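Below is one structure, written out as structure tokens; comments come after it.
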Amino acid sequence: MLHATPLGRWRSFLTIAAIAVAGCSDRSAAENLQAPAAAETAKGAPMAEQKCENDPTSRSLCMIRMILDHVAQDPDRAGGGISEIKAASSTSYEVALPKEGRIVHRTYSFEVKEGSIRMNAPTERVESF
Amino acid sequence: MVLRKRYPRYDAFLDTRNCSSRTNLDLTLEMRMGFRPINPAGGANTGTYNDYGSSSGTPRQIVKWTAAEWNAWKASFCSSAQAYWDAKFWIDNRQGAFALKVGKDVFIPNGYCRFKLIGSDASAGFHHHIIDVVRLAPSENWFGSHSTLYDSKDTNLVPKAYDSKGKPILQRAHVHEVGHLLGLGHVAIGQRGCPVTGDTNASPCYGTSDQDKKSVMGGGMRLDTIHGTAWLGAFNDFVAAQPQSPIYAPAPAKKRAPQVLMRRAYPRTVAEFEAGTLVTKLLPGR
């Protein structure tokens with residue numbers, strides 16, 4: 001489980017994760033950035049795929065990298081950044097995206113196959129203030 | 001004649017004193033906002049305050065308000081929000097109400113929609129809305145605001161969405177918030193992903209098309225006629241409360257529902273009114 005508090009620790013982790021994940025994919029960072037938007041499909045359908053090592057840390061890093069790429073390409077990305085990324089299971093993460101008056105809680109789920117990770121279209125719920 | 005009607009969110013005034021063959025009646029919504037400064041705990045000069053004022057929100061760096069900064073911010077908020085909403089709409093008076101005689105001629109004025117925002121400290125006087133305000137540290141560029149908690153940078157023009165080409169759509173958050181205070185909801189309520197009932201804060205409620213995203217009640221700064229709804233409602237209430245005019249009372253068949261316009265429409269003669277003519281240019285001699 002990753003948590004945003006303290007914020008500095010989280011930022012440091014993301015930096016490390018981004019560097020580490022670059023080495024576990026067979027795709028360039030630029031290709032990864034384009035993947036989510038280009039692969040927008042029906043709800044529940046695979047949106048992006050990456051080759052990853054099979055150990056748990058590599059898988060987690062791949063999933064988080066794909067999540068970050070998706071957020072970077074999100075037309076609704078404006079707001080207060082990412083306040084939380086939390087593993088909901090070994091194949092899903094919940095991401096908190098604070099916006100004006102609300103936090104968008106987005107759940108990313110993945111299909112894990114031998115040597116690759118496929119991301120499904122995320123689902124959202126909103127916490128209003 | 002000046003009529004007044006109180007609403008929970010604002011007071012409405014209908015003023016016919018300046019009406020003439022060229023000048024419409026003024027329909028003014030007056031909103032009184034009371035502001036409360038949020039300062040770092042314990043009298044410190046700096047500290048943190050969580051997004052949304054919630055214990056689970058992300059802490060942001062804040063700075064103690066000085067009297068000068070506080071007064072300047074309140075003045076800036078009110079003047080810029082008032083300028084944004086004032087004098088943008090007209091009400092097409094299709095009811096034929098408030099007719100006046102100019103010489104031998106009868107004219108029917110339209111409504112010129114004015115907005116007056118009066119801001120002061122919440123500690124004294126009457127206010128339609130009470131708002132807490134944090135002063136963000138220079139290093140902070142975002143804070144989780146909500147309808148009763150603003151931040152000092154809410155008056156800045158910042159990206160609130162991105163269009164289909166990836167270009168940022170800019171908005172000053174405070175004009176959007178004042179829209180809510182006028183009773184307006186988000187731009188895409190009732191459309192896919194944003195049901196009319198329930199929480200209308202979901203992302204699709206702010207618009208999914210470029211057109212909707214650029215609305216002031218989406219993530220942009222564009223006004224549309226729908227945003228004049230508060231004035232239209234007040235006008236209809238004033239008309240409903242008026243006794244029949246001894247100057248001119250149109251036949252029911254000549255009456256239509258008033259509408260919001262985003263361009264000036266001058267007062268009409270009875271003939272122009274009954275023909276359904278909209279006078280957007282003054283003829284010589286009028």
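The values are calculated or read from the model by the stated rules, or taken from the named source; none is laboratory data. The structure presented is a predicted model; accordingly, all values stated were derived computationally and were not measured. A quick note on method: Cβ atoms are made from the backbone with ideal geometry, for glycine too, and the neighbour counts reach across all protein chains shown. For the accessible areas, the whole protein counts, side chains as well, though only heavy atoms, and no ligand, DNA or RNA atoms are used. Shrake-Rupley method; radii C 1.70, N 1.55, O 1.52, S 1.80 Å.
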Mind checking whether some residue in region B:89-97 is surrounded by 17 or more Cβ atoms within 10 Å (Cβ to Cβ) and among the charged types (D, E, K, R)? yes
List the strands (runs of 3 or more DSSP E) that sit entirely inside region B:103-166 and contain at least 1 residues that are small (Gly, Ala, Ser). B:111-121, B:157-162
Going through region B:38-61 in order, the residues found to be open to solvent by 30 Å² or more (accessible area, probe 1.4 Å), in contact with a strand residue (DSSP E or B) (Cβ under 6 Å, 6 or more places away or on another chain) and either away from chain A (no Cβ under 14 Å) or not in a strand (DSSP E or B) (or both) are B:41, B:46, B:53
Applying the selection to region B:135-175, what residues are among the small types (Gly, Ala, Ser), facing chain A (nearest Cβ under 8 Å) and open to solvent by 20 Å² or more (accessible area, probe 1.4 Å)? B:147, B:164, B:166
In region B:179-196, residue most open to solvent (accessible area, probe 1.4 Å) [restricted to those that are β-branched (Val, Ile, Thr) and touching a Gly at 6+ places or on another chain (Cβ under 7 Å)]: B:196
Strands (runs of 3 or more DSSP E) enclosed by region A:53-118 - at least 3 residues per element that are open to solvent by 30 Å² or more (accessible area, probe 1.4 Å) and not hydrophobic (A, V, I, L, M, F, W, C): A:84-89, A:102-113
